[in-house]
Amino acid sequence: MKIDLKIEPLESWIQAKSNPLLIAGPCSAETEEQLVATAHLLAQTGKVSALRAGIWKPRTRPGEFEGIGSIGLEWLKRAKAETGLPTAVEVANAKHVEEALKAGVDILWVGARSTVNPFTVQEIADALRGVDVPVMVKNPVNPDLSLWIGALERINGAGITKLAAIHRGFSSHEKSAFRNEPMWDLAINLKTAAPNLPIICDPSHICGNRELLGYIAQKALDLDMQGLMMESHIDPSVAWTDAKQQVTPAALAEIIDRLTQRQPEVKGAAKDVMAELRAQIDKIDDVVFQKMGERMQIVEKIGNYKKENGITILQVGRWDEILNKRIAYGKALKLSPEFAEKLLELIHSESIRKQTEIMNKEQSQPQEKLTHA
Ligand code: PEP
Ligand code: MN
């Protein structure tokens with residue numbers, strides 16, 4: 001799938017101070033001192049391109065700190081005046097948009113809990129109509145690429161062309177080392193659908209802890225994401241929100257320094273080596289596809305035979321046998337059991353789909369004739 005977004009490049013609205021581009025700041029603005037002091041330390045690292053801070057916080061339960069509110073806009077103004085850092089806040093309704101714009105906030109972002117709701121996104125988009133301000137759209141809480149794309153389309157449809165996506169991971173009921181599962185394939189699919197859309201990774205909300213931040217940030221760079229948004233607090237141990245995932249500005253600078261930069265473009269001698277290896281891969285992929293086609297033709301024969309002889313499509317014993325045999329074979333070929341199983345499941349479900357088609361053909365034909373009679 002391709003989506004058509006009218007996009008201005010990231011460089012046209014944010015000046016990168018470092019590679020990767022870094023937007024940083026506390027999860028929440030708590031006090032004027034905390035915000036301004038954090039901003040100064042972040043600016044001093046020389047690596048930060050914009051200051052983030054939440055002032056309206058979407059909290060799961062009432063009674064938790066729900067953000068300092070509009071007064072935080074004044075603190076952001078002061079932080080910007082003293083450090084020169086452009087500012088960014090989360091907006092979740094039309095009133096937030098109006099107030100943030102009036103206060104001169106430079107970049108707005110739509111949070112994960114807002115992206116899930118098309119009404120909310122449309123309200124934000126309508127409030128943005130006719131305004132030239134950069135907007136970043138976080139992925140929805142749930143792993144639904146269409147919802148993410150839909151939100152980007154709504155904001156873009158309101159005339160916002162300084163647009164970026166933020167990948168902050170997805171809710172999952174499965175136990176994991178992460179607060180929000182990265183599910184990188186969704187971000188990769190978004191990139192494939194809209195190659196001109198910048199994607200910024202938010203390792204803080206993916207990790208939910210400090211320890212894995214560097215690992216996720218590196219992975220984001222290796223997937224050619226355009227920047228990072230990371231939470232940083234002058235004293236994370238006393239942060240009012242998301243304390244476990246925030247780091248001091250100094251610790252953040254260290255994480256950034258440890259990242260390895262890799263080239264997205266292949267140049268020079270590497271180009272020949274890559275071309276040769278890719279040609280080998282293409283050849284093998286051709287064979288895989290050819291064999292897959294042959295396999296499916298046999299599946300059709302089996303389907304016809306089963307139909308003629310009244311045999312069920314699925315025979316659990318046969319499936320278990322295929323699975324176990326192939327996973328063991330895969331292991332010998334250095335294929336991970338997870339990969340072998342996923343691949344077999346994909347092939348198997350296509351085989352079942354084909355055979356079901358064959359079975360149903362016979363049953364539905366007389367009915368069709370009847371209705372046409
Ligand atoms: C945040 O950036 O502090 C935030 C609330 O993030 P998310 O919308 O990703 O949960
Ligand atoms: Mn947060």
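The values are calculated or read from the model by the stated rules, or taken from the named source; none is laboratory data. For clarity, every value in this text was computed on a predicted model and none was experimentally measured. Here Cβ is always computed from backbone atoms with ideal geometry, including for glycine, and neighbour counts include all displayed protein chains. Only protein heavy atoms, including side chains, enter the accessible area calculation; ligands, DNA and RNA are left aside. Shrake-Rupley method; radii C 1.70, N 1.55, O 1.52, S 1.80 Å.
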### Query
Regarding PRO182, is this residue within 16 Å of ligand 2 (Cβ to nearest atom) and in contact (Cβ under 8 Å) with a residue 24 or more places away in the chain?
no
### Task
Could you grab the pairs with beta carbons closer than 7 Å, sequence gap of 6+ or different chains, first residue in region 243-264 and assigned to a helix (DSSP H, G or I), second one among the polar types (S, T, N, Q) and within 16 Å of ligand 2 (Cβ to nearest atom)?
ALA243/SER237; LYS244/ASN209; GLN245/SER204; GLN245/ASN209; PRO249/THR38; PRO249/SER232; LEU252/SER232
### Query
Out of curiosity, is ALA53 in the same structural domain as GLY227 (by TED's automatic domain parsing) and either touching a Pro at 6+ places or on another chain (Cβ under 7 Å) or within 16 Å of ligand 2 (Cβ to nearest atom) (or both)?
yes
#### Entry: Cβ-Cβ under 8 Å pairs, at least 6 apart or on other chains, region 131-158 side of a type in the set (Phe, Trp, Tyr), far side outside any helix (DSSP H, G or I)
TRP148/VAL137; TRP148/ASN139; TRP148/PRO140; TRP148/ALA165
### Task
State which residue pairs qualify: first residue more than 16 Å from ligand 1 (Cβ to nearest atom) and inside region 19-38, second residue in a loop (DSSP other than H, G, I, E, B) in any location, beta carbons under 6 Å apart, and separation of 6 or more residues or different chains.
LEU21/SER49; ALA37/ILE234
## Note on the structure
Exactly one of LYS191, LYS162 is among the charged types (D, E, K, R) and without any contact (Cβ under 8 Å) to a residue 40 or more places away in the chain, and that residue is LYS191
### Task
Of all residues in region 1-43, count the ones that are more than 19 Å from the chain's Cα centre (by Cα) and basic (Lys, Arg).
2
#### Entry: Candidate set: region 315-325, residues that are exposed (fewer than 11 other Cβ atoms within 10 Å of the Cβ) and of a type outside the set (Lys, Arg); chosen: the one farthest from GLU345 (Cα to Cα)
GLY317
## Note on the structure
The condition of being farther than 26 Å from ALA194 by Cα, at pLDDT below 95 and out of contact with any Pro (no Cβ under 7 Å at 6 or more places or on another chain) holds, among GLU99, GLU74, GLU82, GLU64, only for GLU64
### Task
Find the residue count for region 1-45, including only residues that are under 15 Å from MET229 (Cα atoms) and not in a helix (DSSP H, G or I).
15
### Neighbours by Cβ (under 9 Å, 6+ apart or cross-chain): first from region 273-295, outside the structural domain of ILE347 (by TED's automatic domain parsing) and over 28 Å from GLU350 (Cα atoms); second loosely packed, with under 10 Cβ neighbours inside 10 Å and polar (S, T, N, Q)
none
### Task
Considering only residues that are among the aliphatic types (A, V, I, L, M) and touching a residue at least 40 places away in the same chain (Cβ under 8 Å), look in region 49-71 and name the one that is nearest to GLN246 (Cα to Cα).
ALA50
### Message
Quick check on region 46-73: of everything there that is outside any loop (DSSP other than H, G, I, E, B) and under 18 Å from TRP109 (Cα atoms), which residue is nearest to ligand 1 (Cβ to nearest atom)?
### Response
GLY54
### Task
For region 84-103, indicate whether the set of residues that are more than 27 Å from ILE149 (Cβ to Cβ), assigned by TED's automatic domain parsing to the domain that holds ALA194, in contact (Cβ under 8 Å) with a residue 40 or more places away in the chain and open to solvent by less than 70 Å² (accessible area, probe 1.4 Å) is non-empty.
yes
### Task
Within region 262-275, track down each residue that is farther than 30 Å from GLY227 by Cβ and loosely packed, with under 10 Cβ neighbours inside 10 Å.
none
## Note on the structure
Of HIS167, HIS205, the only residue that is in contact with a Gly (Cβ under 7 Å, 6 or more places away or on another chain), within 16 Å of ligand 1 (Cβ to nearest atom) and in contact (Cβ under 8 Å) with a residue 40 or more places away in the chain is HIS205
